[in-house]
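The values are calculated or read from the model by the stated rules, or taken from the named source; none is laboratory data. Since this is a predicted model, take the numbers as computed values, not measurements. We place every Cβ from the backbone using ideal geometry, glycine too, and count neighbours over all the protein chains shown.
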Amino acid sequence: MAVEGGSGFGDFYRPRESSKAFSDELPSPAMRSCKNCDTPLEARYCPQCGQRDINLDRPLHELLRQALRETLDVDGRAARTLWTLLRRPGLLTSEYLAGRRRRYSPPFRLYLIISLLFFVLTSWVAGQGILLDEGQTLEVDAPGQARLFADYVPRLMFILLPVFALFLKVAFRKRLYFDHLIHALHLHSALFVVLMLMLPLERVAGQSILAMIIQLVLFGYLLTIFIISVRHVYRVSWPMATIKSIVIMIGYMALVAGVFEAASEFTMPDSARLPFLTD
């Protein structure tokens, strides 16, 4: 029952307006002003200072959904970016450096999301003892494996990413280091995706021919991504892209293995080290 006047239940209960949480149009035709510089607003972004007009007078679930969307870029761009990363290597880097950045997720955000997923998977893999040899147990043969693998792998890959960009800079000196850093972010994102597919097969790779074949195919796919991406970004011939890609990958893998070996030496005894570090 509607209640006229300025008080009563009718004034207390107002039908919730449907809000388009992610629209660029303002939720109300009423004139609003920027909370930062008081400039009258006609759109979602202030024409004076560029600050976005965010309406906080909304249900909590809408605010959480907006925060999740802005953090993880869950608006279609993330899926499109991942598909392009794996299907058209090098295009993301070329588009970003050319200034066409709206269509895809930013490189660093993409790297953070994928590396977070990679961290979760490595923690699970280490906790399950998947990297142990047959007959070994996590409690007896490698009690420190979970800590070493889950803690050091994502952290070390993040630290070595600028070094990888330096490798690219040495191989292709005409480009700026920033260009190589963007390329390194995309290549590491692709690396993490392929590793997430390979790691669960590690335990059965030595027992199943099919699992071993799948791992070899995935490794070949990773190498192909690297070569195509190098050729696309740096505009070099196929032979040059192939040779330099293989040299860079071998050098980088040797560096990563050496750092892992050093980390295992200082953090745990031989009996607790990973089998692939003691072979």
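Residues are listed down the side, and each one gets a yes or a no for (1) out of contact with any His (no Cβ under 8 Å at 6 or more places or on another chain); (2) within 25 Å of L110 (Cβ to Cβ):
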| position | (1), (2) |
| --- | --- |
| F167 | yes, yes |
| Y177 | yes, yes |
| I182 | yes, yes |
| S208 | yes, no |
| I225 | yes, yes |
| S229 | no, yes |
| W238 | yes, no |
- Message: Quick check on the range 233-262: of everything there that is surrounded by 18 or more Cβ atoms within 10 Å (Cβ to Cβ) and not hydroxyl-bearing (S, T, Y), which residue is modelled with the lowest pLDDT?
- Response: F260
- Query: Of the residues that make up the range 207-224, is at least one crowded, with 18+ Cβ neighbours inside 10 Å, in the same structural domain as L85 (by TED's automatic domain parsing) and touching a residue at least 40 places away in the same chain (Cβ under 8 Å)?
  - Reply: no
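Hey, which of the helices (runs of 4 or more DSSP H) in the range 50-105, taking only ones fully inside, have at least 3 residues that are at pLDDT 75 or above and assigned by TED's automatic domain parsing to the domain that holds R231? Show your work before the answer.
Values: elements: 60-72, 77-87, 91-97.
Ranges flagged: 77-87, 91-97.
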- Query: Quick check: is even one residue across the range 163-170 touching a Phe, Trp or Tyr at 6+ places or on another chain (Cβ under 6 Å) and without any contact (Cβ under 8 Å) to a residue 12 or more places away in the chain?
  - Reply: yes
- Message: Just the residues that are more than 22 Å from the chain's Cα centre (by Cα) and small (G, A, S), please, taken from the range 218-244.
- Response: S237, A241
